[in-house]
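See structure below.
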Amino acid sequence: MFTGIIQAVGKIASIEQKGVDSQVRIDTGRLDMSNVNTGDSIAVSGICLTVVEHSTSGFSADVSGETLSRTTLVAFRPSDAVNLEKALTLGTPLGGHLVSGHVDGVGTVLSREPEGRSVQFRFQAPDVLARYIAEKGSICVDGVSLTVNAVNGAKFDVNIVPHTLTETTLDNLRPGSKVNLEVDLLARYLERLMLGEGAAQDSSGITHDFLARHGYIK
């Protein structure tokens, strides 16, 4: 688990194709690697990766074909900047929100506009994720815990303060940029719980008919 509070910005050192999978090497910059062990988890721009080899300056991780197909990692190239966060411990301040590092989909930057000293971004999420995004709720963008300011369908707005722009890769985003999105963990489980006994059935999810039959809507 992670908090979405970025600890350092690193860079892709190399990517080696291994059949349908890949192995990526990350230069971790100022991230403290002194307590990192093989098998530990590190979030790389919101993607939870397992350390298979490490040093004081970086680590390597294997990336499955599944992860490549569902995240922006497939487009990473050497020297690309990435947000880094080590897995939280029981003593870690939960300054963001609970983040699993399991990317739900890839979004697109629609616009970027200055707003005072901050920058307002508008993102387009995949339609299937729209129901999990709520005004004043939390969302993880490239590993960064953010508060949703407004929602319109599958589009949502966030305001990025100067500190976050400086300490993450978000300042590199421009209209058309692709980002990893992870919706709020509790929203996903709540949807599943609402299925009740229907969760054991082969179903694509909650439908309008299901909500009407169980009294949630009239």
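We did not get these values from a lab; they are worked out from the coordinates using the rules stated. For clarity, every value in this text was computed on a predicted model and none was experimentally measured. Virtual Cβ from ideal backbone geometry, glycine too; neighbours counted across all protein chains shown.
List of remarks:
- Largest to smallest principal axis extent of the C-alpha atoms in the stretch 8-86, angstrom: 32, 23, 19
- The Asp21 and Gln124 beta-carbon pair, evaluated with R₀ = 25 Å, returns a calculated FRET efficiency of approximately 0.30.
- Remark: the chain carries a charge dipole of roughly 420 debye about the Cα centre, counting +1 on each Lys and Arg Cβ and -1 on each Asp and Glu Cβ.
- Extension gain, Ser34-Glu53: 0.36 nm per intervening residue step, less the Cα-Cα distance, totals 5.5 nm.
- Restraint check, Lys11/Lys155; Lys155/Lys178; Lys11/Lys178, Cα-Cα greater than 24 Å: Lys11/Lys155
- Bridgeable aspartates and glutamates around Lys136 (alpha carbons under 12 Å apart, same-chain partners fewer than 8 residues away excluded): Asp157, Asp184.
- Shown here for the stretch 74-141: GluC sites (Glu not before Pro) in loop regions (DSSP other than H, G, I, E, B) with at most 16 other Cβ atoms within 10 Å, namely Glu135.
- Net charge of Cβ neighbours under 10 Å - reference Ile42; Lys, Arg +1; Asp, Glu -1: -1
- Helix 185-194 and the longest principal axis of the Cα set of the chain meet at an angle near 30°.
- The trypsin sites (Lys or Arg not before Pro) of the stretch 67-133 meeting both criteria, a DSSP state outside H, G, I, E and B (loop) and at most 10 other C-beta atoms within 10 angstrom of the site's C-beta, are Arg117.
- Equivalent ellipsoid, the stretch 109-158 (semi-axes from 5 times Cα gyration tensor eigenvalues, Å): 18, 12, 10
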